[in-house]
Amino acid sequence: MDQEIAAAYHRILGQLRRNAGYLARQEIDAILEPIRLDTKRLEPYGFKVYSQNEEDGIIEEIFRRLNVEQGRFCEIGVESGLECNSLYLIHKGWRGCWIEGNPKQRDRIEAKFASLIRNGRLRTAYSFVTAENINQIVKQALADVRDLDFFSIDVDGNDIYLMEAMEFFPKVICIEYNSKFPWSISKKPVYNPGNLWKGTDFMGASLLALSEVASKKGYNLVATNITGSNAFFVRNDCLKNNFRNSSSIEHLYNPPRYWLTLDHFGQIGHPPDFGEYVDLM
């Protein structure tokens, strides 16, 4: 009888999750419908391979417009590496570096991605990154930060201070923003070099605050994703006429829709993994 109850429970749970995914797809389509005709918007290109939400597709489209097929990346804050913004890029032939501040993730990363580390496509560093040490750590991890194509920051709090302190200039920056603040509010947390996210909505700067810092460093806001999680900035000399610019921040802002992560962009059927693939390209 217990097995029958358990089987019934899993059937009901599965149906509820499928229904949630269906409803989320409807909501996503409704959000995207008004902006599909704007060819400079990036949200309609979003999809998930290994990113948390639909960042993989947006990043791919940005670099398609920049005519970069295989570049170099650096990502700060990857946890186990199975849900981050650059693993899909590695599948596409990119090379780069992961920097993770949690030493407990080291064994998992080095076991799971041993082949990538051995062949030099992936370098790893395990350091807690702060505004005071970001340049030293990145330069040591990459050896050469010139011509860095993609830089992703996800440290759940001090992201804006890391961007402020950067002394290198990648073509594209992806950085988390706190979308609970409307597009017109400039807010950032008080700097605490030892900050650790506590699982609350105190987790970073507003979109306007990030845009102000980015503008001073020579970058333009070109997109946010529809879950209201990440902002994408492109270096001014790379923009040409391919993107919406930061003067339209009101239109590029997306509010928090974190439930879409769980209902649609999350891996409902199977947990993420990485293994050896035959490259047929």
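Quick one: which of F151, F169 is closer than 23 Å to G204 by Cα, out of contact with any helix residue (DSSP H, G or I) (no Cβ under 7 Å at 6 or more places or on another chain) and surrounded by fewer than 18 Cβ atoms within 10 Å (Cβ to Cβ)? Explain how you work it out, then say what you get.
Values: F151 fails: surrounded by fewer than 18 Cβ atoms within 10 Å (Cβ to Cβ).
The match here is F169.
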Check your understanding: Using beta carbons and a limit of 6 Å, which pairs, at least six apart or on different chains, have the first residue in segment 166-185 and closer than 15 Å to A209 by Cα and the second one hydrophobic (A, V, I, L, M, F, W, C) and part of a loop (DSSP other than H, G, I, E, B)?
Key -> N178/M203
Exercise for review: Evaluate segment 69-78: report whether one residue or more is more than 13 Å from the chain's Cα centre (by Cα), farther than 22 Å from F243 by Cβ and charged (D, E, K, R).
Suggested key: no
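Among the candidates D147, D107, D56, single out the residue that is in contact (Cβ under 8 Å) with a residue 12 or more places away in the chain and assigned to a helix (DSSP H, G or I). Even if it seems obvious, please write down each step before you answer.
Working: D147 fails: assigned to a helix (DSSP H, G or I); D107 fails: in contact (Cβ under 8 Å) with a residue 12 or more places away in the chain.
Exactly one residue qualifies, and that residue is D56.
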Check your understanding: Would you pick out the residues in segment 69-111 that are surrounded by fewer than 20 Cβ atoms within 10 Å (Cβ to Cβ) and touching an Asp or Glu at 6+ places or on another chain (Cβ under 8 Å)?
Key -> E79, L82, Y88, K92, G93, N102, Q105, R106
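Condition first: among the aromatic types (F, W, Y) and either under 14 Å from I173 (Cα atoms) or modelled with pLDDT of 95 or more (or both). Now tell me which residues in segment 63-114 satisfy that.
Restricting attention to segment 63-114, the residues satisfying the condition of being among the aromatic types (F, W, Y) are 63, 73, 88, 94, 98, 113.
The answer is F63, F73, Y88, W94, W98.
With respect to Y177, is the statement that it is surrounded by fewer than 21 Cβ atoms within 10 Å (Cβ to Cβ) and closer than 29 Å to V68 by Cα true?
no
The values are calculated or read from the model by the stated rules, or taken from the named source; none is laboratory data. What you see is a predicted model; the values in this text were computed from it and never measured. Neighbour counts are summed over all protein chains in view; Cβ atoms, including those assigned to glycine, are modelled from backbone coordinates with ideal geometry.
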